[in-house]
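The values are calculated or read from the model by the stated rules, or taken from the named source; none is laboratory data. What you see is a predicted model; the values in this text were computed from it and never measured. Every residue, glycine among them, receives a Cβ derived from its backbone with ideal geometry; neighbour counts consider all protein chains shown. Surface accessibility is based on the protein's heavy atoms, side chains included, excluding ligands, DNA and RNA. Shrake-Rupley method; radii C 1.70, N 1.55, O 1.52, S 1.80 Å.
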Amino acid sequence: MHSHDETDDENVYDALASADDDGRWAFGTGFDAGTAEIDAPVPEGVDRDDLATYCLMLADDALVASQRLAGWTTKAPELEEEVALANIALDLLGQARVLLARAGHLGAAEPFRVGPQDDEDVLAYFRDDRAFRNVTLVEIDLGDFAQTVAWILVLASWRLALLQRLTGSRDPVLAAVAGKAVKELTYHRDYAAQWVLRLGDGTPLSHARMQAGLEAVWPFVEELFTAHAVERRLVDAGVAVDPTELRGEVEAVLDQVLPAATLTRPDRAAVGLVGGRGGRDGVHTEALGPVLAVMQSLARAHPEATW
Amino acid sequence: MVTSALTDARTAAESVVDPEMPMLTLADLGVLRGVETGADGTVVVTLTPTYSGCPALDEMRHDLRCALTDAGYDKVDVRTTFSPPWSTDWISDDGRRKLAEAGVAPPDRLGPRPASGPVPLTLHAPSRVVACPQCGAVDTEETSRFGPTACTALRRCRSCGEPFEHVKEI
């Protein structure tokens, strides 16, 4: 056990390195998150692989969305918006970390496993794109600021509806993450709704760009309401939420925001599944690879590096 | 009287200050969920984060471990729990006073919230009255819902012109 003495705090790097008896892994957390709920037993009658896969799905949605939003850092139109987008990204990253830790603890199912003892960092940095189980909405290029706020509005409305229902999950980790995330997502949705309103009901130029941003996001909405076999099995077990049930609540939000913002509901075909398989099966758009390259390349170039 | 080098573990843990809002102790902030001493002398401290991605959590863990080590406890285990989720209602009255004294507007108390039904969307900024911590005027405006830390929003006082942070209600 590390024994603290006065000299620790005199050297900031020593203090950091001694925080948990060892150095921190340079590109991740490198420490045991120590979350009390993580090692909760698998609820009775629930398939362990299914639960791990479901945790990965919800984690990957948040992780990839967070990485996309982080791309606005240093590039947002105003400092306040940069801070807001980074804050939203940080909340999503926090949600992802606990879910990845839970998936790793359960032992992510093949073919999504990297090694026998995957922690959150291994799952984030060393899985290839086909092993990511996020919906394709979160991986697409965010375009301009208008498209980004349209994307946040859809994503936050859907995830809020999903996680609010998940607070009643029989899995204590999912219930705990959801209970925390609901408050955060409410802020994200409010932020996006207010910008969609402001830009949509603004100048002719802002209106046109807001409508175009909504059109660009629209083909990826339908997948949000498509249930995967893992989800269906876990719904029956009282663990997961049926995404087909979320459509009404998300559409009610859009029906509230779009007319107020003088925007027209897009009429665009959904991006189809490939042979019945989509993001939840690891079948992604070409946009995911570059996002993961930015997120993973440094950790892969210097595996096990500490500071 | 038994003399002991050990300060009470709870007192030591409760005196640790928040890394981002150092006018508050972790006890004032309401993130300290429990301090227990096990039979083998291990002190188990349970923390809850304010936000899922709170970047200060690891610093809190480090500061708690140091404070307890200094107080004579060699074995310290700091755990994190997400349930029940933290709410600004957990900030103590003392904590609210300290925030205001430091120029940060404290959050309103939200009280119990409805347990079911969709979360309503408010399209216009809520007309919450937040008094300026500098001059006390209530004529203030929100400049950004998201501030320099996850817990705060940015506001400006229209009366004295000063910008200030507000611990936003969750």
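Tabulated data for the structure shown
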{"item": "Carbon/sulfur fraction of accessible area - segment A:116-201, other protein chains in place, 1.4 Å, %", "result": "48 percent"}
{"item": "Segment B:9-80 - share of DSSP beta bridges that are antiparallel (%, nearest 5)", "result": "55 percent"}
{"item": "Exercise: per-residue mean of other protein chain Cβ atoms within 10 Å, B:142-149", "result": "5"}
{"item": "Cα centroid of segment A:146-168 to Cα centroid of segment B:41-98, whole Å", "result": "30 Å"}
{"item": "Relative contact order of chain B, defined on C-alpha pairs under 8 angstrom at six or more residues apart (%)", "result": "18 percent"}
{"item": "Extent along principal axes [Cα atoms of the protein assembly as shown; Å; largest to smallest]", "result": "80, 61, 42"}
{"item": "Inter-chain shielding of A:193-199 (mean C-beta neighbours from other protein chains, 10 Å cut-off)", "result": "2"}
{"item": "Simple spin-label estimate for residue A:126 and residue A:74 in nanometres, 7 Å along Cα-Cβ", "result": "2.9 nm"}
{"item": "1.4 Å probe accessible area per residue over chain B, in Å²", "result": "46 Å²"}
{"item": "Per-residue [θ]222 nm for chain B (sum of -39500 (n - 2.57) over DSSP H runs n ≥ 4, rounded to 500)", "result": "-5500 deg cm²/dmol"}
{"item": "Solvent-accessible area per residue, Å², over segment A:165-307 with all protein chains present [probe radius 1.4 Å]", "result": "44 Å²"}
{"item": "Portion, in percent, of the accessible area of chain B that falls on carbon or sulfur, probe 1.4 Å", "result": "53 percent"}
{"item": "Three-way shape label, chain B, alpha-carbon gyration tensor, a/c 1.5", "result": "prolate"}
{"item": "Within the protein assembly as shown, percent of DSSP bridges classed antiparallel, to nearest 5", "result": "70 percent"}
{"item": "Accessible-area composition of segment A:211-300, carbon plus sulfur, in percent [1.4 Å probe]", "result": "55 percent"}
{"item": "Solvent-accessible area buried by pairing B with A, both sides, nearest 100 square angstrom, 1.4 angstrom probe", "result": "4000 Å²"}
{"item": "By average C-beta atoms within 10 angstrom, highest first, the peptides A:120-126, A:294-300", "result": "A:120-126, A:294-300"}
